[in-house]
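All of the numbers you see were taken from the coordinates with simple rules; none came from a lab. Just so you know, these numbers come straight off a predicted model, no measurement behind them. Note that each Cβ is placed from the backbone with ideal geometry, even for glycine, and that neighbours are counted across all protein chains shown.
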Ligand code: PDD
């Protein structure tokens, strides 16, 4: 059965889900997006994703065509029409389609909204058992990484470089050797004292929804969360290195640039955080 997309107010089969060639998302990457998980047919971390979408749109001056209630209704409708139980919802909003290619905002265009769902096993993830390898790459992105914008060339190149070297994810590092985040994940480490060390939110990283949930869960269990920048060197010395994202949840890193992290096996903190996160995600799903 063909999947059903949502385009500008209409549910359409995948073959009819087309966007004009002059859409600014296509021409300039002039738009923002969200990816959220679905389990048991319900939306995971919906409130955080809705708030981040609204913020991203406000930061780039695109009218929000999907305020919270509309977004919730659309996501639920799409999940139901596709019979999705476990997987993801992708939401993209661009500034819209114009007739000319002008860099400055066009006077009167309506945002383009595109949404689709993908089926995918999230809970049963072999990577959570095996752990993943990461490769460090220079962070070549712009200075507003807090906005979940399109224009993902730097992340595309980072992920490709990492995967070409046999790693699963790229760990992006700034000019000072300080870690920013994964190409499509947030990063944290667990030090020898069992403290979580995580880069504080700023324009330098995306405010990860999973990151926020995991840190709150860890703190509520009495784990010390030290929000400060950390270096690649500290990752090499860490007991555990952990990635978080909406679709991977919590993944242990077992190798960094070909060298083992900790004892080279998935660690207990990553396992516990993943379990806590899945329980919390299911309990708060909408
Ligand atoms: N990426 N950092 C970056 C650069 C990301 O692209 C993502 C998510 C994250 C994790 O954020 P969250 O926990 O809210 O998913 C951090 C999504 C999954 C993507 O682009 O597909």
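Please report how far the C-alpha centroid of segment 261-276 lies from that of segment 202-245, rounded to the nearest whole angstrom.
Here the two parts' Cα centres lie 13 Å apart.
Sort 76, 95 so that the residue with the fewest other Cβ atoms within 10 Å of its own Cβ comes first and the one with the most comes last.
If I rank by nearby Cβ atoms, fewest first, I get 76, 95.
Just need the Rg to Rh number for segment 236-281, please, alpha carbons only, Kirkwood Rh.
Over the Cα atoms of segment 236-281, Rg/Rh equals 1.01.
Give me Rg over Rh for the chain, both radii from the alpha carbons and Rh done the Kirkwood way, two decimal places.
With Rg and the Kirkwood Rh in hand, the quotient comes to 0.97.
If you take every DSSP beta bridge whose two residues both sit in the chain, what share of them, in percent to the nearest 5, is antiparallel?
Of all bridge pairs located within the chain, approximately 80 percent are antiparallel.
May I ask for the angle, rounded to the nearest 10°, between helix 153-164 and the longest principal axis of the chain, with both axes built from Cα atoms and the value confined to 0 to 90°?
Approximately 50 degrees, to the nearest ten.
Output the 0 to 90 degree angle, nearest 10, between the alpha-carbon long axis of helix 68-82 and the longest principal axis computed from the alpha carbons of the chain.
Rounded to the nearest ten degrees, it is 90.
Once the Cα gyration tensor of segment 53-93 is found, what semi-axes does its equivalent ellipsoid get, as square roots of 5 times the eigenvalues, in whole Å, sorted largest first?
Values: eigenvalues 109, 21, 9 Å².
Working from the Cα gyration tensor, I get semi-axes of 23, 10, 7 Å.
Fewest to most neighbouring Cβ within 10 Å: what's the order for 69, 98?
Ascending number of Cβ neighbours within 10 Å: 69, 98.
Restricting things to alpha carbons, find the Rg to Rh ratio for segment 184-286 using the Kirkwood radius for Rh.
Taking Rh as the inverse mean 1/r over Cα pairs, Rg/Rh reads 0.94.
At 25 °C and 0.890 mPa s, what whole-number value in µm²/s does Stokes-Einstein give for the translational diffusion of segment 56-211, with Rh from the Kirkwood sum over Cα pairs? Kindly include the intermediate steps, with their values, before the conclusion.
Details: Rh = 18.3 Å.
Translational D for this selection: 134 µm²/s.
At q = 0.22, 0.24 Å⁻¹, what base-10 log of I(q)/I(0) does the Debye formula yield for segment 7-108 when every alpha carbon is treated as an equal point scatterer in vacuo?
Reported log10 I(q)/I(0), two decimals: -1.24, -1.35.
If every alpha-carbon in segment 84-174 counts as one equal scatterer, what log10 I(q)/I(0) does Debye give at q = 0.15, 0.17, 0.21, 0.24 1/Å?
With one equal scatterer per Cα and no solvent, log10 I(q)/I(0) is -0.89, -1.02, -1.15, -1.19.
Taking every alpha carbon pair in segment 113-164, what does the distance histogram look like in 5 angstrom bins from 0, in percent?
P(r) for segment 113-164, in whole percents per bin: 4, 13, 16, 15, 22, 20, 9, 0.
From the P(r) of segment 132-250, could you give the percentage of C-alpha pairs in the tail past 26 Å? Don't skip to the answer; put the middle values down first.
On the way: 896 of 7021 pairs.
Summing the P(r) of segment 132-250 above 26 Å gives 13 percent of all pairs.
Where the centroid of each part is defined by its Cα atoms, how far is segment 48-125 from segment 154-190 in Å?
After rounding, the separation between the Cα centres reads 25 Å.
Helix 46-60 versus the longest principal axis of the chain: what is the Cα-based angle in degrees, 0 to 90, to the nearest 10?
Here the helix axis deviates by roughly 70 degrees.
Along its principal axes, what span do the Cα atoms of segment 1-61 show, with the longest given first and each in whole Å?
On the principal axes, segment 1-61 reaches 38, 33, 16 Å in Cα extent.
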